[in-house]
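**Student:** Sending over a structure as structure tokens; questions will come in a sec.
The values are calculated or read from the model by the stated rules, or taken from the named source; none is laboratory data. Computed from a predicted structure; not experimentally measured. In this analysis, Cβ positions are derived from the backbone assuming ideal geometry, glycine residues included, and neighbour counts consider all displayed protein chains. Side chains are part of the model used for accessible areas, which takes the heavy atoms of the whole protein and leaves out ligands, DNA and RNA. Shrake-Rupley method; radii C 1.70, N 1.55, O 1.52, S 1.80 Å.
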Amino acid sequence: MHLWLGLLTGLVVFIVSITGTLYVFDEELFRLFHSELYHLKPTQQPLNLSELRTIAQQAIPGKKITSVEISGDPTDPYLFMAQQIAPPEKAGLTYFTQLTYWDDVFIDPYRGTVLGVVDRKYEFFNLDRQIHQHLLLVKPIGSFIVGGSTLIFMVMLLTGFVLWIPRQWKNLKNRLTVKTSGHWKRLNYDLHNTLGFYILPVVLFIAITGLVWSFKWWEGGIYRLMGAKEKPAFGREFKTPSTQLPTAPAEDLAFAQIRHFVQEQYKIIGINYTDKADKPLNCYCILKNNSDGWRGFSYFFFDSRTGEFFDQIDHEKKPLAMKWRNSNLDLHTGRIYGWPTQILFVIISLISASLPVTGFLIWWGKRKKKSGSFKSRRLKSSGLSIPQPLRGV
């Protein structure tokens with residue numbers, strides 16, 4: 001079972017693990033390679049959000065701004081995003097056909113200048129994530145292949161642990177160490193067997209959290225384990241439009257109120273725009289100082305016409321299931337506790353990527369050995385002798 005499942009899914013596991021190592025630090029690497037977009041020097045109060053959105057919209061004619069993210073770091077730009085998903089009937093087999101466009105516009109909020117426009121549809125780190133999640137295939141197909149391979153990989157991890165268990169306890173030391181002085185086949189076997197044992201619990205954790213994006217039934221199962229009978233509602237319906245006239249653009253009023261609610265202690269404030277008066281202005285805030293170990297994520301809802309606040313989902317009052325779902329991405333990448341866990345997850349992902357390679361080499365070595373042994377038996381049974389090298393040669 002361990003052998004044949006490994007041969008079946010090894011390539012997918014290798015690809016998903018390698019792309020996962022990059023995705024752990026995608027934000028930091030993006031900043032590194034696009035440093036010209038960051039490290040602003042605040043010279044005055046930022047311009048109004050509505051003014052900045054107009055400037056961002058002018059930078060991408062023919063496309064529509066759909067959301068904005070404002071960092072709590074005053075040296076960071078405002079990020080306006082324009083994204084459009086292709087209708088299902090127009091989507092083909094690849095990721096590129098299901099996304100019409102996705103542009104990120106970086107704005108200096110103090111001077112009102114466009115720092116740059118990044119086409120995220122083809123941007124390297126976004127493509128890395130799309131390979132990691134969907135193998136650059138359209139989501140339903142890619143998710144099924146990656147999710148199915150991940151489920152099989154979990155079975156392989158468990159069967160691998162069974163194979164690792166020594167038959168006699170005196171051999172335990174050999175199972176826990178890598179012998180570097182022997183033949184390359186022995187070194188390769190130890191790298192597969194021993195390192196696979198050491199990373200087992202963390203790789204299982206990464207697989208469990210990753211399957212949430214592949215299968216709805218898996219996500220629902222974790223919700224139930226967290227005490228929720230069904231998927232919690234992360235949005236709010238806007239049922240009673242205000243009769244008062246707007247005093248300022250709704251986004252400016254919403255942004256000011258959120259900053260007041262969280263007392264300026266935020267990492268990111270995000271606003272999702274809507275053109276429909278009967279739909280709310282959905283906003284979120286990632287909190288800066290959060291003491292419960294989860295990702296601090298609160299939601300705020302405003303009248304999209306007047307900017308009047310009407311509801312919120314406060315992080316402190318969320319049920320456990322919602323706190324987990326908001327934190328699952330950071331749990332999956334190790335980002336939830338910062339650099340130490342991120343570095344740990346990179347190392348473990350690299351080892352995970354090595355397992356299909358070392359496993360294949362073990363199988364190939366045994367296959368060649370059996371093939372040579374079979375050929376030798378055939379020669380002997382036919383009365384032919386195997387040529388021996390001359391002594392001293």
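**Student:** In region 143-159, how many residues are without any contact (Cβ under 8 Å) to a residue 60 or more places away in the chain and open to solvent by 80 Å² or more (accessible area, probe 1.4 Å)?
**Tutor:** So the count comes out to 1.
**Student:** Still on this structure, I have one more. Any residue that is open to solvent by 20 Å² or more (accessible area, probe 1.4 Å) and assigned to a strand (DSSP E or B) - is there at least one of those in region 49-68?
**Tutor:** If we filter region 49-68 for residues that are open to solvent by 20 Å² or more (accessible area, probe 1.4 Å), which is where we start, we get 50-51, 53-55, 57-59, 61-64, 66.
Okay, now just the ones that are also assigned to a strand (DSSP E or B), so none.
Looking through region 49-68, none of the residues is open to solvent by 20 Å² or more (accessible area, probe 1.4 Å) and assigned to a strand (DSSP E or B).
**Student:** Still on this model: It is to be established whether one or more residues within region 238-253 are over 29 Å from the mean Cα position of the chain (by Cα), closer than 27 Å to Leu320 by Cα and surrounded by 10 or more Cβ atoms within 10 Å (Cβ to Cβ).
**Tutor:** Yes, region 238-253 has at least one match.
**Student:** Here's a follow-up. Return the residues of region 179-194 that are surrounded by fewer than 16 Cβ atoms within 10 Å (Cβ to Cβ) and within 18 Å of Val357 (Cβ to Cβ); say none if nothing qualifies. Write out each step before concluding.
**Tutor:** So the first thing to find is which residues in region 179-194 are surrounded by fewer than 16 Cβ atoms within 10 Å (Cβ to Cβ), and the list is 179-187.
Passing the criteria: Thr180, His183, Trp184, Lys185, Arg186, Leu187.
**Student:** Moving on. Which residues, taken from region 276-310, are in a loop (DSSP other than H, G, I, E, B), in contact with a helix residue (DSSP H, G or I) (Cβ under 6 Å, 6 or more places away or on another chain) and either under 15 Å from Met322 (Cα atoms) or without any contact (Cβ under 8 Å) to a residue 12 or more places away in the chain (or both)?
**Tutor:** Trp294, Arg295, Gly296
**Student:** Against the definition (assigned to a loop (DSSP other than H, G, I, E, B), farther than 30 Å from Tyr337 by Cα and charged (D, E, K, R)), how does Lys41 come out, yes or no?
**Tutor:** On the way: assigned to a loop (DSSP other than H, G, I, E, B): yes; farther than 30 Å from Tyr337 by Cα: no; charged (D, E, K, R): yes.
In short, no.
**Student:** Among residues belonging to region 17-38 that are touching a helix residue (DSSP H, G or I) at 6+ places or on another chain (Cβ under 7 Å) and not in a helix (DSSP H, G or I), point out the one that is least open to solvent (accessible area, probe 1.4 Å).
**Tutor:** Checking each candidate, the answer is Val24.
**Student:** Follow-up. Within the group Phe197, Phe215, Phe205, which residue is surrounded by fewer than 18 Cβ atoms within 10 Å (Cβ to Cβ) and touching a His at 6+ places or on another chain (Cβ under 9 Å)? Explain how you work it out, then say what you get.
**Tutor:** Details: Phe197 fails: touching a His at 6+ places or on another chain (Cβ under 9 Å); Phe215 fails: touching a His at 6+ places or on another chain (Cβ under 9 Å).
When all the criteria are applied, what remains is Phe205.
**Student:** What's the number of the condition Phe302 fails, among (1) at pLDDT 95 or above; (2) touching a Cys at 6+ places or on another chain (Cβ under 9 Å); (3) not polar (S, T, N, Q)?
**Tutor:** Status for Phe302: all satisfied but (1).
**Student:** Let me ask another. Kindly list the number of the only condition in (1) farther than 15 Å from Ile269 by Cα; (2) of a type outside the set (Phe, Trp, Tyr); (3) surrounded by fewer than 18 Cβ atoms within 10 Å (Cβ to Cβ) that fails for Pro74.
**Tutor:** (1)
**Student:** Output yes when any residue across region 255-265 is at pLDDT 95 or above and closer than 26 Å to Gln84 by Cα, and no when none is.
**Tutor:** Yes.
**Student:** Among the residues of region 336-343, are any at pLDDT 95 or above and surrounded by 20 or more Cβ atoms within 10 Å (Cβ to Cβ)?
**Tutor:** Within region 336-343 (the criterion being at pLDDT 95 or above and surrounded by 20 or more Cβ atoms within 10 Å (Cβ to Cβ)), the answer is no, since none of the residues qualifies.
**Student:** Which condition does Gly235 not pass, out of (1) part of a loop (DSSP other than H, G, I, E, B); (2) touching a residue at least 12 places away in the same chain (Cβ under 8 Å); (3) over 28 Å from Lys63 (Cβ atoms), if it passes all the others?
**Tutor:** The one condition Gly235 does not meet is (3).
**Student:** Every residue in region 160-174 that is under 24 Å from Leu11 (Cβ atoms) and either open to solvent by less than 30 Å² (accessible area, probe 1.4 Å) or not in a helix (DSSP H, G or I) (or both), please.
**Tutor:** Result: Gly160, Trp164.
**Student:** Condition first: under 20 Å from the mean Cα position of the chain (by Cα) and either under 19 Å from Thr274 (Cα atoms) or part of a helix (DSSP H, G or I) (or both). Now tell me which residues in region 80-98 satisfy that. Quick ask: steps written out before the conclusion?
**Tutor:** The initial filter retains those residues of region 80-98 that are under 20 Å from the mean Cα position of the chain (by Cα), namely 81, 83, 85, 94-96, 98.
Correct list: Met81, Gln83, Ile85, Tyr95, Phe96, Gln98.
**Student:** Sort out which residues of region 105-127 are assigned to a helix (DSSP H, G or I) and open to solvent by less than 30 Å² (accessible area, probe 1.4 Å), and write them in order of number. Reasoning before the result, please.
**Tutor:** Filtering region 105-127 for residues assigned to a helix (DSSP H, G or I) gives 124-127.
Matches in region 105-127: Phe125, Asn126.
**Student:** Specify the residue that is nearest to Thr9 (Cα to Cα); the eligible residues are those in region 81-95 that are without any contact (Cβ under 8 Å) to a residue 40 or more places away in the chain and surrounded by fewer than 17 Cβ atoms within 10 Å (Cβ to Cβ).
**Tutor:** Filtering region 81-95 for residues without any contact (Cβ under 8 Å) to a residue 40 or more places away in the chain gives 81-90.
Filter once more, so that each one left must be surrounded by fewer than 17 Cβ atoms within 10 Å (Cβ to Cβ): 84-90.
Values: Gln84: 33, Ile85: 30, Ala86: 30, Pro87: 31, Pro88: 28, Glu89: 30, Lys90: 30 Å.
Per the criteria, the residue is Pro88.
**Student:** I'm trying to understand the selection: among the residues of region 128-142, which are surrounded by fewer than 19 Cβ atoms within 10 Å (Cβ to Cβ) and in a helix (DSSP H, G or I)?
**Tutor:** Asp128, Arg129, Lys139, Pro140, Ile141
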